[in-house]
Amino acid sequence: MKRRLLLVSNSTLHGSGYLDHCQQHISSFFGKNVKRVLFVPYALHDRNAYTKTARNKFKSLGYEVDGIHEAADPVEAVRQAEGIFIGGGNTFRLLKSLYDNNVVTEIRKRVMEDGVPYMGSSAGTNVATISISTTNDMPIVFPPTFNAIGLVPFNINPHYLDPDPNSRHMGETREQRITQYHEEPNTPCVLGLREGSLLLVEGNKATLLGTTKARLFTSGKPSVEYDPGSDLSFLLTDAH
């Protein structure tokens, strides 16, 4: 399998600028063979402003950026892409736009069969998984399905937050919400990516990168913590 994925929890880390915390990983991920990256800004309303932000950042790393919304034919833009980056924002808006523009199947094909590198951040990480059921976002629009691109056989919860023992907030914790998800039948495991963490997938190998731990939730089992550098390749077997 040719897939190469860089799945980032968050685009901006407290105290730093847009993608600053992972820019070295981005450079090594896309490498020198990729010259242009196709940016998908569908998760935010102002696509032009969002693309400008991404374009400026990637230019500083030596890459040109094409906004998919700027193309006359989005499907053809995916077919011609050297690399793909789907940014964060509202996951429901993002997935609906991906289906509206008929690019879900084409992105999956380019990544899984052609080996085109795929980077996602936050919502862009959510849509790389089985479904968007473990996003943190409000359903402001209704996509035709919660089924996502399916580049990995599990779900991710970006921006995973640990309970604050000093908080007076009485709503559910993130852990409780993921537990509720696992009360439904046939739900895959969920990798909670804290801010500052990212997952690198190369073929059938998955490695946790970044500066923070990740927490894995599996239905009917205790959750498990993993340190940066951990080999998470076992998540890529459908049987897990």
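The values are calculated or read from the model by the stated rules, or taken from the named source; none is laboratory data. Just so we're clear, the structure is a prediction, and the values are computed from it rather than from any experiment. Positions of Cβ are backbone-derived with ideal geometry, glycine not excepted, and every protein chain shown enters the neighbour counts. Surface accessibility is based on the protein's heavy atoms, side chains included, excluding ligands, DNA and RNA. Shrake-Rupley method; radii C 1.70, N 1.55, O 1.52, S 1.80 Å.
In this structure, residue 234 and residue 12 have a Cβ-Cβ separation that, at R0 = 25 Å, corresponds to a calculated FRET efficiency of about 0.25.
About the centre of its Cα atoms, the chain shows a dipole size close to 440 debye [charges on the beta carbon of Lys, Arg (+1) and Asp, Glu (-1) only; nearest 20 debye]. Backbone phi angles across the stretch 88-98, fed through the Karplus curve with coefficients 6.51, -1.76 and 1.60 (θ = phi - 60°), yield HN-Hα couplings of x, x, 8, 5, 5, 4, 4, 5, 4, 5, 4 Hz in residue order; Gly and Pro are listed as x. Bridging of residue 57 to lysines at a Cα separation below 22 Å is possible for 32, 35, once same-chain residues fewer than 8 apart are set aside.
Taking amide H positions as modeled 1.01 Å from N, with prolines and chain starts lacking one, the residues under 5 Å from residue 37 and 5 or more places away or on another chain are 64, 65, 66.
Summarising the amide proton neighbourhood of residue 157: residues at separation of 5 or more, or on other chains, whose placed amide H is nearer than 5 Å comprise 191, 192, 193. Expressed to the nearest 5 percent, the antiparallel share of DSSP beta bridges inside the stretch 1-134 is 5 percent. Each residue of the stretch 126-132 was assigned a 3J(HN,Hα) from its phi angle through the Karplus curve 6.51 cos²θ - 1.76 cosθ + 1.60 (θ = phi - 60°); the sequence is 3, 6, 7, 9, 5, 8, 9 Hz, with glycine and proline shown as x.
Projecting label points 7 angstrom from Cα along Cα→Cβ for residue 45 and residue 80 puts them 3.1 nm apart. Spin-label model, residue 183 to residue 27: label points 7 Å out along the Cα-to-beta-carbon direction sit 4.8 nm apart.
Rounded, prolate or oblate: which one fits the stretch 44-98, using the alpha carbon gyration tensor with axes a ≥ b ≥ c (rounded when a/c is under 1.5, else prolate when a/b beats b/c, else oblate)? In terms of gyration-tensor shape, oblate. Using the 1.4 Å probe convention, the accessible area of the chain works out to 47 Å² per residue with neighbouring protein chains retained.
For the stretch 84-105, backbone nitrogen atoms closer than 18 Å to the point 7 Å from residue 36 Cα along Cα-to-C-beta are found at 84-86. What the pair-distance distribution of the stretch 29-137 shows, using all Cα-Cα distances binned every 5 Å from zero, is 2, 13, 25, 28, 20, 10, 2, 0 percent. Derived scalar couplings between HN and Hα for the stretch 217-232 equal 10, 10, 4, x, 10, x, 6, 10, 8, 10, 7, x, x, 5, 7, 10 Hz in order, rounded to whole Hz, by the Karplus curve 6.51 cos²θ - 1.76 cosθ + 1.60 (θ = phi - 60°), x for Gly and Pro.
A dipole drawn for the chain from +1 and -1 charges on Cβ atoms has a positive end, and of 224, 211, 161 the residue lying farthest that way is 211. Expressed as a whole number of Å, what is the distance separating the alpha-carbon centroids of the stretch 112-156 and the stretch 190-211? Answer, in whole Å: 15.
If both residues of a DSSP beta bridge must be in the chain, then about 55% of such bridges are antiparallel.
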